[in-house]
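Undergrad: What follows is a single structure, and I will ask about it in a moment.
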Amino acid sequence: MASFTLIQCESQVFTQGERLYQSQCANCHMEEGQGLKRLIPPVASSDYYVAHYSDLVCNIVNGMKGEIIVNGTTYNEEMPSAKSMTATEMTNLINYMNHKWYPDIEIVTMSDIQDQMDSCLDK
């Protein structure tokens, strides 16, 4: 019974994260995270995602401006901020993206994400 409950809770986290991704990110980064040609970078199979993972929360919270290089392609479209996202939503979103595209990255906790969000908002 306990195993079933854990799997059920984990599944719900990824479901909530998927809904957030679809409503907040997929319009630009596309449904499967592949990005939009040379306009919007991919989040799936992205060397930038992995190399700048420690900045991920701040990049989502504050948005991004300026040129970045992802998988050898230069992108320069502005990404809007998501300052209204809660720590729970951010945790679910990141865990969904990690689970879907980067399964080797460990599950993040809400307290870690909250700390990161707090430090991002101070900048």
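The values are calculated or read from the model by the stated rules, or taken from the named source; none is laboratory data. Treat the numbers as computed from the prediction; the structure is a model and nothing was measured. Glycine also receives a Cβ, built like all others from the backbone with ideal geometry; neighbour counts cover every protein chain displayed. In case anyone asks, the SASA skips ligands and DNA or RNA and just uses the protein heavy atoms, side chains included. Shrake-Rupley method; radii C 1.70, N 1.55, O 1.52, S 1.80 Å.
Undergrad: Going by amide H atoms built from the backbone, whose H comes under 5 Å of the H on M64, apart from near neighbours?
TA: Amide H to amide H, under 5 Å and 5 or more residues apart or across chains, M64 pairs with M79.
Undergrad: Measuring with a 1.4 Å probe in the full set of protein chains, what accessible area per residue, in whole Å², belongs to segment 33-123?
TA: 59 Å²
Undergrad: Can you give the charge dipole size of the chain about its Cα centre, rounded to the nearest 20 debye, using +1 on the beta carbon of Lys and Arg and -1 on the beta carbon of Asp and Glu?
TA: 320 debye
Undergrad: Angle check, please: helix 110-121 long axis (alpha carbons) against the longest principal axis of the chain (alpha carbons), in degrees 0 to 90, nearest 10.
TA: Roughly 30 degrees between the two axes.
Undergrad: Need one number: nm distance between label points at N27 and E78, each 7 Å from Cα along Cα→Cβ, rounded to one decimal.
TA: It is 1.5 nm.
Undergrad: What is the set of long-range amide H partners of V70 at a cut-off below 5 Å, with H atoms built 1.01 Å from backbone N?
TA: Answer set, sorted by chain and number: Y75.
Undergrad: I'd like to know which of M97, C28, P42 lies farthest towards the positive end of the charge dipole of the chain, counting +1 on Cβ of Lys and Arg and -1 on Cβ of Asp and Glu.
TA: Selected residue: C28.
Undergrad: What ranking, highest mean first, results for peptides 83-94, 49-60 when packing means the other Cβ atoms within 10 Å averaged over each residue?
TA: Packing order, densest peptide first, comes out as 83-94, 49-60.
Undergrad: How large is the helix-only mean residue ellipticity at 222 nm for the chain, computed as the sum of -39500 (n - 2.57) over DSSP H runs with n ≥ 4, divided by its residue count, in deg cm²/dmol to the nearest 500?
TA: Taking each H run of at least 4 residues, the total per residue is -16000 deg cm²/dmol.
Undergrad: Using only the Cα atoms of segment 2-113, what semi-axes does the equivalent ellipsoid have when each is the square root of 5 times a gyration tensor eigenvalue? Give whole Å, largest first.
TA: For segment 2-113, the semi-axes come out at 25, 14, 13 Å.
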